[in-house]
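The values are calculated or read from the model by the stated rules, or taken from the named source; none is laboratory data. Everything quoted here is computed from the prediction, not taken from an experiment. We place every Cβ from the backbone using ideal geometry, glycine too, and count neighbours over all the protein chains shown.
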C-alpha cells in the first residue's frame with residue numbers, strides 16, 4: 001500500500017478544485033437575454049435596384065406569442081442575436097434588427113433583390129401621436 005505525501009501545494013490544488021466544483025454546482029443557471037421586438041412595424045422605405053423610395057406596404061406585426069403577420073403571410077418568428085427569423089411551413093426569411101426600433105427585411109422578389117425597412121412606432125405617455 002502506497003502512502004501519498006500531502007504537501008501544502010497539493011492541499012491548495014485540492015481546495016481550488018473543490019471551490020470550482022462547488023461554484024459550478026451552486027451557481028444559478030443564467031438565461032440568455034432576448035430582445036423584445038413584438039409590436040407593429042410600418043414600412044418606411046424600400047430599396048430596389050439601388051434606388052430608395054418611400055414605402056406604404058402593409059405593416060409587419062410581431063406578436064408577443066412568437067407569431068407574425070405580413071400581407072397575409074403568417075407564421076412564427078424567433079429572435080437570434082441581431083436577426084429575426086420569420087418562418088412558416090414552406091418559407092423562411094431573415095430580417096436584421098437595427099437601432100431605433102427598425103427591422104430590415106431583404107428578399108428576392110419579381111424584380112430582383114429588395115430591402116424593406118420597417119420601423120416600430122413607440123407612443124410616449126401623455127402624447128396622442130406616435131413618434
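Tabulated values for the structure
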| read-out | value |
| --- | --- |
| Out of 121, 96, sole residue that is surrounded by 14 or more Cβ atoms within 10 Å (Cβ to Cβ) and at pLDDT 95 or above | 96 |
| Residue satisfying condition, being modelled with pLDDT of 85 or more and more than 22 Å from residue 35 (Cβ to Cβ), within set 105, 70, 78, 90 | 90 |
| Residue in segment 17-39 that is surrounded by fewer than 13 Cβ atoms within 10 Å (Cβ to Cβ), under 15 Å from the mean Cα position of the chain (by Cα), closer than 30 Å to residue 114 by Cα and at pLDDT below 70 present | yes |
| Filtered residues of segment 99-118 (kept if within 17 Å of residue 71 (Cα to Cα) and surrounded by fewer than 12 Cβ atoms within 10 Å (Cβ to Cβ)) | 108, 109, 110 |
